[in-house]
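Down below is the structure, laid out as structure tokens.
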Amino acid sequence: MEEIGFLGMGIMGKAMAMNLLRHGFKVSVWNRTLSKGFCDELKEHGASVGESPAAVIKKCKYTIGMLSDPAAALSVVFDKDGILEEICSGKGYIDMSTVDAETSSKISEAVKKKGGSFLEAPVSGSKKPAEDGQLVILSAGDKGLYDAILPAFDVLGKKSFFLGEVGNGAKMKLVVNMIMGSMMNAFSEGLVLADKSGLSPNTLLDVLDLGAIANPMFKMKGPSMIQNSYSPAFPLKHQQKDMRLALALGDENAVSMPVAAAANEAFKKARSTGLGDLDFSAVYEIFKGTEPSSA
Ligand SMILES: NC(=O)C1=CN([C@@H]2O[C@H](COP(=O)(O)OP(=O)(O)OC[C@H]3O[C@@H](n4cnc5c(N)ncnc54)[C@H](OP(=O)(O)O)[C@@H]3O)[C@@H](O)[C@H]2O)C=CC1
Ligand SMILES: O=CC(=O)O
């Protein structure tokens with residue numbers, strides 16, 4: 001396949017680009033902050049490093065973006081040296097960031113106006129699934145671009161969905177992450193309730209894992225939460241962004257979401273106490289009423 005561009009070498013972008021390199025794809029990467037060294041590491045694995053989003057788009061037929069939030073996703077498209085300066089007929093941009101449908105639509109319209117094609121493709125699955133090529137890809141937009149980029153999606157994910165018009169991928173991702181954020185809050189409350197009631201949180205994990213509400217998230221995050229360890233796989237600030245965007249989607253559709261609203265408040269509180277860069281499971285500290293003893 002042609003060389004693939006990759007914008008945004010954060011937790012997810014770096015793991016995904018590395019995965020493409022490991023599977024023999026040629027990859028050209030860009031990150032806003034070069035000094036973070038991620039690009040150098042990727043270079044050692046065979047990637048070339050572009051000077052700007054525009055430079056990467058110019059070089060590659062297909063370019064993927066994996067940026068933190070709507071402001072970042074818009075910035076790489078519309079700002080100076082951005083995607084719009086070089087996107088044209090025959091080139092495709094695939095935004096895999098988690099954003100709202102409105103942001104995605106704005107990007108889609110601008111890219112199409114320049115003759116390019118656009119696919120939104122947010123993912124479910126965190127750092128480890130990104131490293132292992134086990135993401136769930138929720139795409140929508142240009143079907144031709146979806147078909148063309150499938151060989152790369154097959155490396156990045158265990159399953160790809162095509163959900164129709166732009167916005168549907170973003171909405172699906174926000175619904176999923178709204179549920180995940182609410183679950184993390186209920187889980188945290190439960191761990192504290194067990195502990196304060198004189199029960200062993202470790203035994204609670206064993207009990208949960210054997211029953212109808214067993215799930216990979218409780219199993220993976222539970223042991224480290226009990227150790228007050230929150231090394232970021234999915235940063236809390238991004239989970240709070242997803243709750244905020246999901247609540248806005250609920251607002252638009254007059255859907256009452258009291259559970260998600262309460263979870264959002266806990267994530268906001270966690271952010272305000274400096275936990276935003278830790279893993280989203282650090283919301284547990286809010287329920288414990290303590291500061292984390294280690295990150
Ligand atoms: N981590 C996870 O488990 C998952 C994350 N996601 C979603 O994927 C996206 C990326 O997440 P993740 O990799 O964890 O996030 P990180 O915070 O690790 O990385 C964010 C990336 O966005 C870049 N960025 C931020 N602001 C701007 C800007 N204004 N202009 C250009 N680049 C910018 C950062 O560059 P710089 O280095 O310069 O700051 C960095 O490359 C988010 O939308 C997140 O919600 C989806 C599924 C799982
Ligand atoms: O967006 C986060 C995830 O784990 O999925």
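The values are calculated or read from the model by the stated rules, or taken from the named source; none is laboratory data. These numbers come from a predicted model, not from an experiment. Heads up, the Cβs are rebuilt from the backbone with ideal geometry, glycines too, and the neighbour counts pull from every protein chain shown. Note: areas computed on protein heavy atoms with side chains; ligands, DNA, RNA excluded. Shrake-Rupley method; radii C 1.70, N 1.55, O 1.52, S 1.80 Å.
In the chain, which whole DSSP H runs stretch at least 30 Å along their own axis (Cα) and average 0.0 or higher on the Kyte-Doolittle scale?
Helix filter hits for the chain: 168-196.
If you stretched the chain out fully between Asn228 and Asp277, how much longer would it get, using 0.36 nm times the residue separation minus the C-alpha to C-alpha distance?
Residue separation times 0.36 nm, minus the Cα-Cα distance, leaves 16.2 nm.
Can you tally the net charge around Glu131? Count Lys and Arg as +1, Asp and Glu as -1, for every other residue whose Cβ sits under 11 Å from the Cβ of Glu131.
Its environment carries a net charge of +3.
Taking R0 as 45 Å, what's the FRET efficiency between Leu193 and Leu150 from their Cβ-Cβ distance, rounded to 0.05?
E between Leu193 and Leu150, to the nearest 0.05, is 0.50.
Charges only on Cβ, +1 for Lys and Arg, -1 for Asp and Glu: so what's the dipole of region 171-287 about the Cα centre, in debye to the nearest 20?
In total the dipole reaches around 280 debye.
Taking the Cβ of Met9 as the center, what net charge do the other residues with Cβ under 15 Å away carry, scoring Lys and Arg +1 and Asp and Glu -1? Mind showing how you got there, number by number?
Working: positive: Lys14, Arg32, Lys36, Lys43, Lys127; negative: Asp40, Glu41, Glu44, Glu51, Glu131.
Every neighbour counted, the sum reads 0.
With +1 on the Cβ of every Lys and Arg and -1 on the Cβ of every Asp and Glu, and nothing else charged, how large is the dipole of region 4-165 about its Cα centre, in debye rounded to the nearest 20?
320
Which value, in Å to one decimal place, does the Kirkwood hydrodynamic radius take for region 4-165 when every pair of different Cα atoms is included?
15.1
Over 23 Å between Cα atoms: which of Lys14/Lys43; Lys91/Lys173; Lys80/Lys113; Lys173/Lys237; Lys43/Lys219; Lys26/Lys91 fall into that group? Mind dumping the intermediate values first?
Numbers: Lys14/Lys43 11 Å; Lys91/Lys173 25 Å; Lys80/Lys113 17 Å; Lys173/Lys237 16 Å; Lys43/Lys219 35 Å; Lys26/Lys91 16 Å.
Correct reply: Lys91/Lys173; Lys43/Lys219.
Ignoring everything but the protein chains, give the 1.4 Å probe accessible area of Cys88 in square angstrom, nearest 10.
50
Please quote Rg/Rh for region 182-271 to two decimal places, taking the Kirkwood radius as Rh and restricting both calculations to Cα atoms.
In region 182-271, Rg relative to Rh is 1.01.
Work out the FRET efficiency for Ala71 and Ser200 from their Cβ-Cβ distance, taking R0 = 35 Å, and round it to the nearest 0.05.
0.20
If packing is taken as the average count of other Cβ atoms within 10 Å, what order do 175-182, 279-286, 94-101 fall into, highest mean first? Intermediate values should be presented prior to the final figure.
Details: 175-182: 19.5, 279-286: 25.9, 94-101: 27.9.
Order by mean packing, descending: 94-101, 279-286, 175-182.
Any idea of the accessible area per residue across region 4-165, 1.4 Å probe, to the nearest Å²?
42
Once you have the Kirkwood Rh of the chain from its Cα pairs, apply Stokes-Einstein at 10 °C and 1.306 mPa s and quote D in µm²/s.
80
Enter the accessible area per residue of region 171-287 (Å², integer; probe 1.4 Å; all protein chains in place).
I get 49 Å² per residue for region 171-287.
Heavy atoms only, probe 1.4 angstrom, no DNA, RNA or ligands counted: give me Lys114, Lys127, Lys91 ranked by accessible area, highest first.
Lys114, Lys127, Lys91
With a 10 Å cut-off between alpha carbons and a GNM built on the chain, which of Glu44, Glu189, Glu86 moves the most?
Glu44
Rounded to a whole number, what % of the accessible area of region 4-165 do carbon and sulfur atoms account for, probe 1.4 Å?
Whole-percent figure for carbon plus sulfur exposure: 49.
Please give the calculated 222 nm ellipticity per residue for the chain, where each DSSP H segment of at least 4 residues contributes -39500 (n - 2.57) and the sum is spread over every residue; nearest 500 deg cm²/dmol? Please report the intermediate quantities before stating the final value.
On the way: 13 runs with 155 residues, N = 295.
Taken over the chain, the calculation gives -16500 deg cm²/dmol.
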